[in-house]
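Data block below; observations after.
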């Protein structure tokens, strides 16, 4: 199948981001090229400080490129947009809103008719496992439950693209595993494009259709995955998966080797 | 080994005490109030002992003397009326001082909060306004008050303007600091939910900085009452400050103490009410 522009969630060309000028300038992204088909679950892997969060922020319109272009569904990204939903690493949901108000925050603030958003919000409250907790304050919730609120809120706002910046980085193994399943269920149900930044190789292997590794501001590796879903712990025993894991670790460790 | 299920709700300590019928919490509150009352009682006893040692009402009247004198002048005072003081009763003057303070505090604080929050969005506005605010905000009220009296006269408006100014500065700086310290990811999140700049300010910045701004309001209220009474000392037809100045010239230490303590008690009561309002508005915190 020929990939046309309309089939692409993202088309990124020659993307460069530089902070500062002259020899002291920091350039987290250097002439990066990337395309993301619609409906794909893409994981962006990379060590800290190699540009993966900067790339995600450019895709979200939160960071302006120094040069190059970012197109989302054929339209240049010039700023944040409701069609580019984002889940942040830190707790970013409004703490002064109860769970129900948090999940309906986006459509309410955008003036969407209540008859339109109410059933969606109710559905996603249930889908993320927070039914019965609509009146709870975020302070009353655990970290994992607050992430559920963030995920429910971003899906309830109905963007075509979801961007997630290490959303589960601070959670324990069991909470993370449950949230992986929740996220994958929602992705299967809605067919949205998800771009997920992580530094956890096993997390990427479990979630992604495709993994790219960003090192030194560029795409260092681009690996499609065609393992059957759902992917459980048996993936750790899979020979192919293990080979991919080793390849990824080798690419991830390459900058460190160069420096040492 | 039992493994806790993922996403288990964190149970805060308050919920535990509520689940136990709230008795430990009520006991703690009763204990806190008891200690406060004990502190006040100890202070009164020490005061009475000191007044007995001083052995002179003119130097240090005891607490009972102060309360008796205050009560006798609460609604009217023949002596002050003889001196030509209009409305000499302590109650009406306390009401005047506190009423003007509250009005000036409200106007000044609201303006300060809005300007403070908005100025956090613009480095140019901050660069222009900060030096002026810091310089004039640091000048004591007793220094600025004569200028206001000369410029705006002795009527209540001039005093309100000065009080409102101090509230504006203190709340404005608190609001600005709160907005600058507000996590950028919270506003970015709202932007990715489709909120424009105005909506982000109204629905994210304002509620998110409310706890800090409300704390600033508490401080500003105490400042307002103190500044109002202070400038009344310099020149006023009404108010607690005016009465304190008159009583001081008469050497009436009992009345000076009574009026000062009464103003303090009213300020404490208002702060108590404001804390209840703040707790209701920030119960999410």
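The numbers here are math on the coordinates, done by the rules we state, and not lab data. Being a predicted model, the structure only gives us computed values, none of them experimental. A quick note on method: Cβ atoms are made from the backbone with ideal geometry, for glycine too, and the neighbour counts reach across all protein chains shown.
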**OP:** Calculate how many DSSP beta bridges within the protein assembly as shown are antiparallel, expressed in % of all such bridges and rounded to the nearest 5.
**Re:** 55 percent
Original post:
Along the principal axes of its C-alpha atoms, what lengths does region B:55-104 span, in descending order and rounded to whole Å?
Top reply: 42, 26, 16
**OP:** Return, for the Cα atoms of chain A, the radius of gyration and Dmax in Å, separated by a comma.
**Re:** 18.6, 60
Subject >> For residues of A:170-180, the mean tally of beta carbons on other chains within 10 Å >> reply: 2
Original post:
How far is helix B:253-281 tilted off the main Cα axis of chain B, in degrees rounded to 10, range 0 to 90?
Top reply: 20 degrees
Original post:
Could you give the distance between the Cα centres of region A:126-147 and region B:226-276, to the whole Å?
Top reply: 50 Å
Subject >> Cβ neighbours within 10 Å from other chains - mean over A:77-85 >> reply: 3
Original post:
Which value in nm describes the separation of the simple spin-label points at residue A:30 and residue A:137, placed 7 Å from the Cα toward the beta carbon?
Top reply: 5.0 nm
**OP:** Using only C-alpha atoms and all pairs of different ones, pull out the Kirkwood radius for chain B in Å with one decimal.
**Re:** 22.4 Å
Subject >> Bridge type composition, chain A - antiparallel percent by DSSP, nearest 5 >> reply: 55 percent
Original post:
Helix A:114-127: angle to the longest alpha-carbon principal axis of chain A, degrees 0 to 90, nearest 10?
Top reply: 70 degrees
**OP:** Quickly rank B:188-196, B:252-260 as a protection proxy: mean count of other C-beta atoms within 10 Å, highest first.
**Re:** B:188-196, B:252-260
Subject >> Shape of region A:145-252, Cα gyration tensor, a/c cut at 1.5 >> reply: prolate
Subject >> Peptide A:133-144, shielding by other chains (average Cβ, 10 Å cutoff) >> reply: 3
**OP:** For a quick protection proxy, order the peptides A:93-99, A:111-117 by their average other-Cβ count within 10 Å, most packed first.
**Re:** A:93-99, A:111-117
**OP:** Whole Å is fine, so just give me how far the alpha carbon centre of region A:153-216 lies from that of region A:38-115.
**Re:** 13 Å
Subject >> Whole-number percent relative contact order across chain A, with pairs defined as alpha carbons under 8 Å at least 6 apart >> reply: 25 percent
**OP:** Would you give the gap between the C-alpha center of region B:66-128 and the C-alpha center of region B:131-183, rounded to a whole Å?
**Re:** 14 Å
**OP:** Could you rank the peptides A:153-162, B:136-145 by their average count of other C-beta atoms within 10 Å per residue, with the highest value first?
**Re:** A:153-162, B:136-145
**OP:** Could you work out the per residue convex hull volume over the alpha carbons of region A:159-198, in cubic angstrom?
**Re:** 59 Å³
**OP:** Averaging sequence separations of C-alpha pairs under 8 Å and six or more residues apart, then dividing by the length of region B:147-284, give the relative contact order as a whole percent.
**Re:** 24 percent
Original post:
Which whole-percent values make up P(r) of region A:90-158 when all C-alpha to C-alpha distances are grouped in 5 Å steps starting at zero?
Top reply: 3, 21, 35, 25, 13, 3, 0
**OP:** Per DSSP H run of n ≥ 4, the term is -39500 (n - 2.57); total these for chain B, divide by its residue number, and report the mean residue ellipticity at 222 nm rounded to 500 deg cm²/dmol.
**Re:** -25500 deg cm²/dmol
Original post:
Working out 0.36 nm times the residue gap between residue B:151 and residue B:50, then minus their Cα-Cα distance, what length gain in nm do you get to one decimal?
Top reply: 31.9 nm
**OP:** For region B:164-268, evaluate the Debye formula with one uniform point scatterer on each Cα (no solvent term) and list log10 I(q)/I(0) at q = 0.13, 0.16, 0.18, 0.23 Å⁻¹, rounded to two decimals.
**Re:** -0.62, -0.76, -0.86, -1.12
**OP:** For helix B:240-249, report the angle its Cα long axis makes with the longest principal axis of the Cα atoms of chain B; keep it between 0 and 90° and round to the nearest 10°.
**Re:** 30 degrees
Subject >> Values of log10 I(q)/I(0), in the order q = 0.22, 0.29, 0.30 Å⁻¹, for region A:196-236 under a Debye, Cα-only, solvent-free model >> reply: -0.73, -1.09, -1.14
Original post:
Which value in Å is the Kirkwood Rh of the protein assembly as shown over different Cα pairs?
Top reply: 28.3 Å
Subject >> Length-normalised contact order of region B:18-112 in % [C-alpha pairs under 8 Å, at least 6 apart] >> reply: 13 percent
Subject >> For B:269, B:148, B:70, order by how many other beta-carbon atoms lie within 10 Å, fewest first >> reply: B:269, B:70, B:148
